[in-house]
Amino acid sequence: ALTRIGLAGLAVMGQNLALNIAEKGFPISVYNRTTSKVDETVQRAKLEGNLPLYGFHDPASFVNSIQKPRVVIMLVKAGAPVDQTIATLAAHLEQGDCIVDGGNEWSLTAARVSHTLGRVDPETLSRWFTMALSTVTCNSLLRRTTFSSRLGSSQTVSCSRFSPSGTRVNSSAAELSVAAPTIEASLDSRFLSGLKDERVAASKIFQGDYSSGETVDKAQLIEDVRKALYASKICSYAQGMNIIKAKSTEKGWGLNLGELARIWKGGCIIRASFLDRIKKAYDRNGELANLLIDPEFAQEIMDRQAAWRRVVCLAINNGVSTPGMSASLAYFDSYRRDRLPANLVQAQRDYFGAHTYERVDMPGSFHTEWYKIANSKI
Ligand code: 2AM
């Protein structure tokens, strides 16, 4: 008998997704370049309860074991391996078959691949993406694929994960003009963490006692940190959701963010009850501009902001770096203001380039000979 679906690329994610699909009762064929991983996966399927998973050592028999039109999920290393695997599989696939790239491929490359394969015009591809609810072009912030339509059942199989390539999330955020300072801070922390030798050298230069000498109540501090972490987490998710929303708007995907939070939770290592809260927030208001202003989240932030500020201040006073928490707090403090210091930039632009400025106290466009004022005052 033929299987319902195929999966090529049996590293950790691939093996687990394949087992997940088999466990849901969908017979699946698996293939990997290095055949020992095929055997390993077959062995795991046997041990985990004789799951309907079938291993193949060569691409031809792998492809031929899948019912038509074939769906092959590919989970191989991004870059050249993707091209190579597509070429290997495409040699045996036919018109109407589909490869779902579940890996970390960059969206631009994904577009190029669809072009190379001929198999598919942009509209069809877009239908496929919608059908598979695949948010591949969200640049791996969130990866979720459900195959319910293809499999003709309400059961879904899922795979979601955070990208190891935060870089893509951040460059997407920048391209979409979405502020994502918490996510950026986490990536920057990774970069700094990588500079071990430099940090060892710097630690010798900046030696000293960074302790502020403040006394803190331990129980209070633990409670404060818990609250600060929670408030920061709201900011982090707000930014992530906003990136997805902006991409969805740009591409006309019409993603339902509440639904996204729900399915995200389903197959995710982050089975956070927090995601339920996010879903509820978007259910309350599908057009929510920012999670922060959902009434429930807003209240939670208000309840925690004193603790949040205490923790960040304490960290700063004691020379402890808290990039995520302080970036989140700065995000909140900017977002909640009707007027920001960025107004000053307008005046500076008028100073160096006569770009004119507006005033908060009267309408119109103004220009000032700033150097005259500066000179007269000095
Ligand atoms: P491998 O086990 O044969 O190395 C993550 O590295 C996954 O991508 C693994 O399943 C790995 O297969 C696969 N992969 C990496 N490079 C590949 C390539 N050039 N062709 C096919 N699969 C590759």
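Taking Ala347, is it assigned by TED's automatic domain parsing to the domain that holds Ala238, among the hydrophobic types (A, V, I, L, M, F, W, C) and in a helix (DSSP H, G or I)?
Values: assigned by TED's automatic domain parsing to the domain that holds Ala238: no; among the hydrophobic types (A, V, I, L, M, F, W, C): yes; in a helix (DSSP H, G or I): yes.
Answer is no for this residue.
Looking only at the stretch 239-261, residues that are under 26 Å from Met325 (Cβ atoms), small (Gly, Ala, Ser) and surrounded by 18 or more Cβ atoms within 10 Å (Cβ to Cβ) come to 2 in all.
Tallying residues that are assigned to a helix (DSSP H, G or I), under 25 Å from Glu175 (Cβ atoms), aliphatic (A, V, I, L, M) and at pLDDT 90 or above within the stretch 258-296 yields 4.
Looking at the stretch 21-32 only, could you name the residues that are within 12 Å of the ligand (Cβ to nearest atom) and either surrounded by fewer than 22 Cβ atoms within 10 Å (Cβ to Cβ) or not assigned by TED's automatic domain parsing to the domain that holds Arg70 (or both)? Working first, answer last.
Taking the stretch 21-32 as the starting set, the residues that turn out to be within 12 Å of the ligand (Cβ to nearest atom) are 30-32.
Passing the criteria: none in range.
Of the residues examined, Ala18 is one that is within 16 Å of the ligand (Cβ to nearest atom), closer than 22 Å to Asp97 by Cα and either at pLDDT 95 or above or crowded, with 16+ Cβ neighbours inside 10 Å (or both). Of all residues in the stretch 82-93, those being more than 9 Å from the ligand (Cβ to nearest atom), farther than 17 Å from Leu10 by Cβ and modelled with pLDDT under 90 number 4.
When the stretch 34-52 is limited to residues that are without any contact (Cβ under 8 Å) to a residue 24 or more places away in the chain and within 10 Å of the ligand (Cβ to nearest atom), the one that is farthest from Asp101 (Cα to Cα) turns out to be Ser36. Of all residues in the stretch 53-81, those being away from the ligand (no atom under 16 Å from the Cβ) and not in a loop (DSSP other than H, G, I, E, B) number 5. Every condition in (1) modelled with pLDDT of 90 or more; (2) more than 11 Å from the ligand (Cβ to nearest atom); (3) within 24 Å of Ile244 (Cα to Cα) holds for Trp106 except the one numbered (1).
Looking across Glu48, Glu40, one residue alone is of a type in the set (Asp, Glu), within 32 Å of the chain's Cα centre (by Cα) and under 14 Å from Ala11 (Cα atoms). It is Glu40. Given the condition closer than 20 Å to Ser163 by Cα and buried (at least 18 other Cβ atoms within 10 Å of the Cβ), answer yes or no: does some residue in the stretch 83-97 qualify? No - not one qualifying residue is present in the stretch 83-97.
All conditions in (1) within 33 Å of the chain's Cα centre (by Cα); (2) touching a residue at least 12 places away in the same chain (Cβ under 8 Å) hold for Gln346, with the sole exception of (1).
Test Gly49 against the stated conditions and say whether it is more than 30 Å from Asn170 (Cβ to Cβ) and in a loop (DSSP other than H, G, I, E, B). So Gly49 passes the test. Return the pair list, or none, for Cβ contacts closer than 6 Å from residues in the stretch 172-197 that are outside the structural domain of Lys233 (by TED's automatic domain parsing) to residues that are among the hydrophobic types (A, V, I, L, M, F, W, C), at least 6 apart or on different chains. Cβ pairs passing all conditions: none.
So if I check each of Leu329, Leu314, Leu291, Leu257, which one is farther than 30 Å from Gln220 by Cβ and out of contact with any Leu (no Cβ under 6 Å at 6 or more places or on another chain)? Please lay out each step first, then the result.
On the way: Leu329 fails: farther than 30 Å from Gln220 by Cβ; Leu314 fails: farther than 30 Å from Gln220 by Cβ; Leu291 fails: farther than 30 Å from Gln220 by Cβ.
Checking each option against the conditions leaves just Leu257.
The values are calculated or read from the model by the stated rules, or taken from the named source; none is laboratory data. As the structure is a computational prediction, the values presented were derived from the model and not from experiment. Note: ideal-geometry Cβ built from the backbone for every residue, glycine included; neighbour counts use all protein chains shown.
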